[in-house]
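A.B. asks: Quick one: this structure, given as C-alpha cells, is what I'll be asking you about.
Each reported figure results from applying straightforward, stated rules to the coordinates on display, with no laboratory input. Being a predicted model, the structure only gives us computed values, none of them experimental. Note that each Cβ is placed from the backbone with ideal geometry, even for glycine, and that neighbours are counted across all protein chains shown.
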Amino acid sequence: MIALWIVLILVLILLILLGVAAARAIQMKPTSAATAQFPDSDLERAQRYAETLSTLVQCETVSEKDQVSRRKFQAFHKLLREQFPLAHKAATRTVLNGSLIYKIPGLDGGAGAPILIMSHHDVVPAQGEWKYPPFSGEIAEGSVWGRGTVDTKGSLFCFMQAVEELLAEGWKPECDVYLASSCTEEWGGDGAPAIAAWLKEQGVHLGLLLDEGGMIMDSPMAGVKGRYAMVGVVEKGYADVKFTANAAGGHASAPGPNTALVQLARFICKTDRHSPFQARFSPTLREMFQRLAPNMSFGMRMLLGNLWLFEPLLCFLLPRVNPLAGAMMRTTCAFTMAEGSPAYNVLPQQAWVTANMRCMPHQGTDESIEIIRAAAKKCGLDTEVLKADPACAEVDFKGDAFRLLEETMGKIYPGYGVAPYIMTGGTDARFYMYEGVVENALRFAPLEINKQQYASIHAANENLSILALPPAVDFYQELLRSYCARNGKPELAPEKPARKAPARKKTAPKAKTEAEEPVTETAEPAPETAQPEDQQPAPEALASQPKKAAKPKKSTAPKAKAAEAAEESAEPAPEAPTEPAAETDEPREE
C-alpha cells in the first residue's frame, strides 16, 4: 500500500512538472524574428556590387595542403588594389607569404582597442557538375555564381567595399582598424597563424575580431520559424588521430580470426554506435535554444524551452536524432581514411584508419584524445596523434562585443533575431586566440543565404544573391562607425583578462613557401575629400537570362609602387622597392 502511494505521489509530481512546462511553453510568444522581412535593397547598387564580386570570383584562388607556390594569390591582390583604391591608399598593407593584413590608423595614434575584420580569399577545388562554370562569376537568376561567393569572397568584398565607401565620405576612424585575409584557411595552413603572430609582435591587442562563421538564415534549424543571425562564439578543439592494427597477415584463402581489418572494424562500429564522449548543454547552447524556442512548434518549444526539466532526456535523444545538435553537445569522432592490404588476396600485417575529432570545451582536446586512446587500446589498436589544437574560450554573449553586434543587426536588419551558437567547424579566428591577441572573437558574416546556398559551401553550384550584398555592406559600415566611435576615448575592454595562449601540439614542420619575409607597403594618406571610384550604371531590373560575367575594372587611382613590385613580379620572391630603402630587419616600407 505504501508503495502504491509513493507511485501515485511521483505521478502527481510528474504531472505538475509537465503542467508547469506546458504553461511556460504556452506563455512563450513568437518574437519579431518570425515575421521579419528582408530589408529593402537598391537593385542598381546590388547589381554594381555583384559585378565587382564577379570579378573577384573569376580570379581562381584554390589552395591545397602544403601548397608551395603563392603566385596565384598575387593576381588576386592586384584585383583588390584595382577595385578598392581608397582603402589601399589609406592603409598600410603587409603581405605575409600571400596573406594580407591592412592597418588604417586611428586619429591621434588610435588610443582605443583596435578592431579586426577578416575573411579568407582562398577557396576549395570546384568538383561536380555546375549550372554555371565555377570560376565564371556568372551573374544570373539574381545571384553571383562561382566558387568562393559564400565561402568567403562575398564577405571579403562586403567589408572592403564598406571601408572604401566610408573613406570616400571622408571617414577617419577614432581607433585603429585592421582588415585581414589569409590564403590558407581551407587547409589550416600558415596564413592566419602568421598574421596573428605578426600582430602579437607589433604589441596589438584587439577589442573585437569578426571573422566568417555563422550567417543569416530563414529557419536556421528544423522546426524554427523566423530570420536569425547565427553568431559563432566558440570553436571546438581539433585533432587528427591515426589508429593502427597489427596482425600475422597471410594468404586470404585461409584467414585466421581477428585480422587487422577486423580489429579496426570492431573499434569503428563500437565507437559509431556508442560514443564514448559526454553530451552536455553548454551555456552557449542553452542561450541559443532559449532565443530560438519562442518561434518553434509547441512540442519543440515545450522541450527546448524547459531545459530545467528535460535536459537529461535531451542529452540522450538529441545526438541520436539530430547530428548538428549532437555536434554542438559533445566531441565527435569521424573516421575518414583507411589502408589495409596492397592486394585483394593478401591479409594485411598492418592496417590503419584515421579519425577527425572536434572536441568540446568541457572535454578538451587532450582529454578527448585520451578517451579515444583508451577505447582503441581495448580493441588492440595503437594510437598516434597527427595534429591537435585546443578548443577556444567562449565569448561572453552578454558582453559588450556581442551586444554591439546585436545593436548593429537591429539597425540594418530590423526585427531579425540574433542567437549565439557553437562552431562545429574551424575558422582562422582560433589562431588569434591561440596567440592571445584577442578574447572577443565573433564568427559571423552578415549575409543572408538560403538552404541551397548553405548546402553549396564546398559543393557544386555555390552562389550568393546579389540583393544580400547591400545590407551586408551597410552592416560593416555601421559596425565600424559604432565601434570606433565608442573606442576612440574609453577602451572597450575585453570581457576576460589577457591569458596565456593554450599550447598547441606541432607534429610536422611548416612547408617552405615562396616569400618568407613580410613585405609592408605604406601608401600616402587618403586626401581630406576623397572621391569614390567611378561607378557603372546598373540595369533597371535583374535579367531573367544569364548575364555575361563582369570584366575587371581599371582603376585610375595611383598604385603603391612597392605593391606593384612585390605582387606583379614573375619571380617567386618579391622584388625590392623601386625607391631606395635603408637596410633593416624590419618589414620594408615606402
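A.B. asks: Eigenvalues of the Cα gyration tensor times 5, then square-rooted: what semi-axes does that give for region 393-495, in whole angstrom, largest first? Don't jump to the answer; show the numbers that get you there.
C.D. replies: On the way: eigenvalues 130, 74, 29 Å².
So the three semi-axes of region 393-495 are 26, 19, 12 Å.
A.B. asks: Here's a follow-up. Rounded, prolate or oblate for region 262-404? Axes are the square roots of the Cα gyration tensor eigenvalues, ordered a ≥ b ≥ c, and the cut-off for rounded is a/c under 1.5. Provide the component values of the computation, followed by the final result.
C.D. replies: Values: a/c = 2.99, a/b = 2.03, b/c = 1.47.
Taking the square roots of the gyration eigenvalues as a ≥ b ≥ c, region 262-404 is prolate.
A.B. asks: So for region 128-188, considering every pair of alpha-carbon atoms, how many percent are separated by more than 15 Å? Intermediate values should be presented prior to the final figure.
C.D. replies: Values: 1175 of 1830 pairs.
Tail fraction, whole percent: 64.
A.B. asks: Follow-up. For a Förster distance of 56 Å, can you work out the FRET efficiency between the beta-carbons of residue 311 and residue 346, rounded to the nearest 0.05? Intermediate values should be presented prior to the final figure.
C.D. replies: Details: r = 51 Å, r/R0 = 0.91.
Given R0 = 56 Å and the Cβ-Cβ separation, E is 0.65.
A.B. asks: Please give, to one decimal in nm, the separation of the simple spin-label points placed at residue 42 and residue 64, each 7 Å out from Cα toward the Cβ.
C.D. replies: Rounded to a tenth, the inter-label distance reads 4.3 nm.
A.B. asks: Considering every pair of different Cα atoms, what Kirkwood radius, in Å, is found for region 160-284?
C.D. replies: Details: mean 1/r = 0.0472 Å⁻¹.
For region 160-284, inverting the mean 1/r across all distinct Cα pairs yields 21.2 Å.
A.B. asks: Under the definition of Cα pairs under 8 Å and six or more residues apart, what whole-number percent is the relative contact order of region 231-332? Intermediate values should be presented prior to the final figure.
C.D. replies: On the way: 57 pairs, mean separation 25.0, N = 102.
Normalised by residue count, the contact order of region 231-332 is 24 percent.
A.B. asks: Within the set 131/225; 78/451; 225/398; 153/451; 72/131; 398/451, which residue pairs have Cα atoms separated by over 22 Å? If you can, show how the numbers build up before the last one.
C.D. replies: Working: 131/225 30 Å; 78/451 33 Å; 225/398 24 Å; 153/451 19 Å; 72/131 25 Å; 398/451 29 Å.
Beyond 22 Å: 131/225; 78/451; 225/398; 72/131; 398/451.
A.B. asks: Relative contact order for region 315-364: what percent, with Cα pairs under 8 Å and sequence separation of 6 or more? Before the final figure, lay out the partial values.
C.D. replies: On the way: 55 pairs, mean separation 17.4, N = 50.
Computed value for region 315-364: 35 percent relative contact order.
A.B. asks: Now a separate question. Quick check: convex hull of the Cα atoms in region 1-98, volume per residue, rounded to a whole Å³? Display every interim value, and only then the final one.
C.D. replies: Working: hull volume 28.8 nm³, N = 98.
With only Cα atoms used, region 1-98 gives 294 Å³ per residue.
A.B. asks: When a/c reaches 1.5 or more, the comparison of a/b and b/c decides; with that in mind, is region 66-197 rounded, prolate or oblate per its Cα gyration tensor?
C.D. replies: Numbers: a/c = 2.38, a/b = 1.48, b/c = 1.60.
Oblate.
A.B. asks: Still on this structure: Expressed in whole Å with the largest first, what are the equivalent ellipsoid semi-axes of region 361-441 derived from the C-alpha gyration tensor as the square root of 5 times each eigenvalue? Present the calculation step by step, with values, prior to reporting the outcome.
C.D. replies: Numbers: eigenvalues 270, 41, 20 Å².
Output for region 361-441: semi-axes of 37, 14, 10 Å.
A.B. asks: Which FRET efficiency value, to the nearest 0.05, is calculated for residue 32 and residue 324 with the Förster distance at 22 angstrom and r the Cβ-Cβ distance?
C.D. replies: Working: r = 25 Å, r/R0 = 1.13.
Once rounded, the FRET efficiency stands at 0.30.
A.B. asks: Taking 7 Å along the Cα-to-C-beta vector as the label spot, tell me the residue 253-residue 269 distance in nanometres, rounded to one decimal.
C.D. replies: 2.8 nm
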